[in-house]
Structures are given as structure tokens and as C-alpha cells.
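> Below: one structure in C-alpha cells.
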Amino acid sequence: HSADAHRTDLMTITRFVLNEQSKHPESRGDFTILLSHIVLACKFVCSSVNKAGLAKLIGLAGETNVQGEEQKKLDVLSNEVFIKALISSGRTSILVSEEDEEATFVEPSLRGKYCVVFDPLDGSSNIDCGVSIGTIFGIYMVNDVNEPTLEDVLQPGKNMLAAGYCMYGSSCTFVLTTGSGVNGFTLDPSLGEFILTHPDIKIPKKGKIYSVNEGNAKNWDGPTAFYVERCKFPKDGSSPKSLRYIGSMVADVHRTLLYGGIFLYPADKKSPNGKLRVLYEVFPMSFLMEQAGGQAFTGKQRALDLIPKKLHERSPIFLGSYDDVEEIKALYAAEAK
Ligand code: P6P
């Protein structure tokens, strides 16, 4: 194969997932159908996010748009799009969204064997200044499709079958794991297809970047404060790490996945469980990090071992390069003694 042959070998996310499916002969293609609905919803959100800026600038957004309808906030619109797409896939039984206090139980005639937990537009407070934002999702198998219960979405993250995010930035990037590695796809707007651009992503074993909101330093506990201090004033004569903090989880995690380093949202005195939500922020990103050769830690345990008690509960999270997370684990272990 010459180099340019790869350029024409267009591997789309649809073909990629179908290839995965062919590895499971018993599969009836339910997951492939579910994922195609998630991908469609992401394409819609991508186009809405890209237009939002313009709509706002030329005054369409305001109170009403050209059709005189009330212009929906993007996160509300995104949530409706995902809920409708997931229900119409006929492959889900329970949906948990960051936007909805209660879980959505799909009506029996449209029920399927999957449960989807998602944040339809994470970091949406950053839209107006053009910072990248994203959709984050995780997929569980329902225990009994005839009797879906909240227990089906209060499973530890290690039970997730798949997880991913779609980042709406300078390009639209979809990153996915189905439990055998991590792959990245970039939307080609002219084709309307996600093309495989980052096959088999592996996070560097150790990085040179730490990513945390230093503005919370006053409230950090000992191990976090000590770790961050050591990032800035290394004792072993190595050069200090760089600080990169965007404040949009999908963007910060995507950079960490590709460049290496560590992303921290620790507990602090104000929020003893940190800020990020277990089901649809911590679990999907932790699953992706482990699948890419990194790790994810809550300050007490492996993030994916956590068993959530409430749909929207939070957890501190330290995720990224294997060796970097190992260092903070050692500091928390020493404190626990
Ligand atoms: P802080 C965005 O609001 C978000 O939920 C995540 O996307 C992001 O990582 C975090 O909050 C930023 O929080 O407290 O640093 O502004």
C-alpha cells in the first residue's frame, strides 16, 4: 500500500462500528444502531453550536429567531435532540441526562437493552467566548429489559460497555471506546461523515502538563496541594510542568489524552466531592483513559470501581498519564496511613 492509499481508504465511524460488530457474530446490530443515533445527534449539535455564535452575532438568537420562535438555549436544545434520538433508536430503556433531575424511562414499545448516561453539552457556559465544549456519554446494558429500574444506571463505571465524547471546537472530534482501545474520528463537513483520524489512541505514560483550576488552591487538601506544588517546584531537579486549564472538561481531557499529563478536579473544603458528576463526566472519561493506557483515581479508589448511589452525585477525579496519576495515588495513600 502506498501512503496515499490510506488517504483514500475512508474509514467512517459507521464502517468502524460495523467492523467491531462483525467480531461478535451473535450481535444483532443493536449497539451499531444505538451508536448511529448518538452520532446523528452529535452532528446536529455540532451544526447548532457552530451556528449559535453567528445567530447571536446577527441578533437572531435574542428573544426570538427569524421564525419568531423562542430561541432555545443550546444545552436545552442539545438535551432534547439526544433524548429524542436515543428514544427513537428503539435500543434504550433508561436515559440519564445532566439536564434532567429524574431519569427518563422509555415506553415499553420502544425499549431496548441499553441505558445511556450523558451530558448533552458539557461546559456550555463557555459557548459565548468560543471555547470548545462537548457531549459526554456512557452506555450500560440493562439488567432486565422487561423491568428497567434505577439500579440499571447506578452501576460502577467498570460495567460500562462503551463511552465517548464529541468535542465541538475548531473541528468536530468524536472519541470512542467500546472496551478494546480508543479511536478518534473527525467530522468531514463536506461528507457529513466522521472519518477515522486518530486510530488506537494511547496516552503518553508520563506527561509534562498539569491541568487544574488553581483558583481553588486555598481550599485544597494536603495531597493535592503537595502534588501541585511539586509540579511547579520539582524536587528532583526536573523542569516544572506546564499548566494548561481550559475549564471545559472535554477540551481539557482531549488535550490530556493526546499530549499526556494529568487533569485534576479535586475535592475541596467548599465541595467535599469535587464538582464533576460521576455517571456522565467521571466514568466515561475514566473509561477512556484506562483504555488508552492511562488511569483514573478518585483520591480514595480507582474511579471505575465507584458505585454511585445517586444519579447526579459528584466525585473528585485525577486522570491522565499512568505515571502521573500513580504519583498522586501515592500521596493519598501516604495520607490515609
Ligand atoms: P471550574 C464546565 O462547567 C465543567 O462542568 C467542566 O466542563 C469543567 O471541567 C469544569 O466544570 C470547570 O469547573 O470550577 O474550574 O470552572
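The values are calculated or read from the model by the stated rules, or taken from the named source; none is laboratory data. Because the structure is predicted, anything quoted here is derived from the model rather than measured. Neighbour counts are summed over all protein chains in view; Cβ atoms, including those assigned to glycine, are modelled from backbone coordinates with ideal geometry. For accessibility, only protein heavy atoms count, side chains too; no ligands or nucleic acids. Shrake-Rupley method; radii C 1.70, N 1.55, O 1.52, S 1.80 Å.
> Can you find a residue that is within 16 Å of the ligand (Cβ to nearest atom), closer than 29 Å to residue 114 by Cα and crowded, with 22+ Cβ neighbours inside 10 Å anywhere in region 204-216? Reasoning before the result, please.
Kept after step one, since they are within 16 Å of the ligand (Cβ to nearest atom), are these residues of region 204-216: 209-216.
Narrowing the set further to residues that are closer than 29 Å to residue 114 by Cα leaves none.
No, because not a single residue in region 204-216 is within 16 Å of the ligand (Cβ to nearest atom), closer than 29 Å to residue 114 by Cα and crowded, with 22+ Cβ neighbours inside 10 Å.
> On the basis of being in contact with an Asp or Glu (Cβ under 8 Å, 6 or more places away or on another chain), modelled with pLDDT of 95 or more and either open to solvent by less than 10 Å² (accessible area, probe 1.4 Å) or near the ligand (Cβ under 9 Å from one of its atoms) (or both), does residue 261 make the cut? Give the derivation first.
Values: in contact with an Asp or Glu (Cβ under 8 Å, 6 or more places away or on another chain): yes; modelled with pLDDT of 95 or more: yes; either open to solvent by less than 10 Å² (accessible area, probe 1.4 Å) or near the ligand (Cβ under 9 Å from one of its atoms) (or both): yes.
For residue 261, the condition - in contact with an Asp or Glu (Cβ under 8 Å, 6 or more places away or on another chain), modelled with pLDDT of 95 or more and either open to solvent by less than 10 Å² (accessible area, probe 1.4 Å) or near the ligand (Cβ under 9 Å from one of its atoms) (or both) - is met.
> What strands (runs of 3 or more DSSP E) completely inside region 251-337 contain at least 3 residues that are closer than 23 Å to residue 173 by Cβ?
262-265, 317-320
> If you take the residues in region 6-43 that are without any contact (Cβ under 8 Å) to a residue 40 or more places away in the chain and open to solvent by 100 Å² or more (accessible area, probe 1.4 Å), which one is farthest from residue 195 (Cα to Cα)?
26
> If you check residue 177 against the conditions, is it open to solvent by 10 Å² or more (accessible area, probe 1.4 Å) and more than 16 Å from the ligand (Cβ to nearest atom)?
For residue 177, the condition - open to solvent by 10 Å² or more (accessible area, probe 1.4 Å) and more than 16 Å from the ligand (Cβ to nearest atom) - is not met.
> Tell me, please, whether a residue that is touching a residue at least 12 places away in the same chain (Cβ under 8 Å) and more than 14 Å from the ligand (Cβ to nearest atom) can be found in region 242-252.
Step one: filter region 242-252 for residues touching a residue at least 12 places away in the same chain (Cβ under 8 Å), giving 242-252.
Applying the additional criterion that residues be more than 14 Å from the ligand (Cβ to nearest atom) yields 242.
Within region 242-252, one or more residues are touching a residue at least 12 places away in the same chain (Cβ under 8 Å) and more than 14 Å from the ligand (Cβ to nearest atom).
> Let me ask you something else. Just to be sure I understand, how many residues within region 90-140 are of a type in the set (A, V, I, L, M), within 16 Å of the ligand (Cβ to nearest atom) and assigned to a loop (DSSP other than H, G, I, E, B)?
1
> Continuing with the same structure: Just to be sure, is residue 268 within 14 Å of the ligand (Cβ to nearest atom) and either modelled with pLDDT of 95 or more or more than 22 Å from residue 167 (Cα to Cα) (or both)?
Details: within 14 Å of the ligand (Cβ to nearest atom): yes; either modelled with pLDDT of 95 or more or more than 22 Å from residue 167 (Cα to Cα) (or both): yes.
For residue 268, the condition - within 14 Å of the ligand (Cβ to nearest atom) and either modelled with pLDDT of 95 or more or more than 22 Å from residue 167 (Cα to Cα) (or both) - is met.
> Scan region 290-303 and tell me whether some residue there is open to solvent by less than 10 Å² (accessible area, probe 1.4 Å), under 20 Å from residue 208 (Cα atoms) and either within 15 Å of the ligand (Cβ to nearest atom) or among the hydroxyl-bearing types (Ser, Thr, Tyr) (or both).
Yes, region 290-303 has at least one match.
> It is to be established whether one or more residues within region 81-93 are crowded, with 22+ Cβ neighbours inside 10 Å, of a type in the set (Phe, Trp, Tyr) and without any contact (Cβ under 8 Å) to a residue 60 or more places away in the chain. Give the derivation first.
From region 81-93, those crowded, with 22+ Cβ neighbours inside 10 Å are 82, 86, 89, 91-93; that's our starting set.
Going one step further and asking which of them are of a type in the set (Phe, Trp, Tyr), we end up with 82.
This time we only want the ones that are without any contact (Cβ under 8 Å) to a residue 60 or more places away in the chain, so: 82.
Checked against the condition, which is being crowded, with 22+ Cβ neighbours inside 10 Å, of a type in the set (Phe, Trp, Tyr) and without any contact (Cβ under 8 Å) to a residue 60 or more places away in the chain, region 81-93 yields at least one hit.
> Looking only at region 219-271, which residues are under 17 Å from the mean Cα position of the chain (by Cα) and charged (D, E, K, R)?
Selection gives 252, 255.
> Does residue 84 qualify as being of a type outside the set (Asp, Glu), part of a helix (DSSP H, G or I) and more than 16 Å from the ligand (Cβ to nearest atom)? Lay out the reasoning, then the answer.
On the way: of a type outside the set (Asp, Glu): yes; part of a helix (DSSP H, G or I): yes; more than 16 Å from the ligand (Cβ to nearest atom): yes.
For residue 84, the condition - of a type outside the set (Asp, Glu), part of a helix (DSSP H, G or I) and more than 16 Å from the ligand (Cβ to nearest atom) - is met.
> Give 300, 329, 337, 310 a once-over and let me know the one that is among the basic types (Lys, Arg) and in contact with a strand residue (DSSP E or B) (Cβ under 8 Å, 6 or more places away or on another chain).
Details: 300 fails: in contact with a strand residue (DSSP E or B) (Cβ under 8 Å, 6 or more places away or on another chain); 337 fails: in contact with a strand residue (DSSP E or B) (Cβ under 8 Å, 6 or more places away or on another chain); 310 fails: in contact with a strand residue (DSSP E or B) (Cβ under 8 Å, 6 or more places away or on another chain).
Step by step, each of 300, 329, 337, 310 is checked, and only 329 is among the basic types (Lys, Arg) and in contact with a strand residue (DSSP E or B) (Cβ under 8 Å, 6 or more places away or on another chain).
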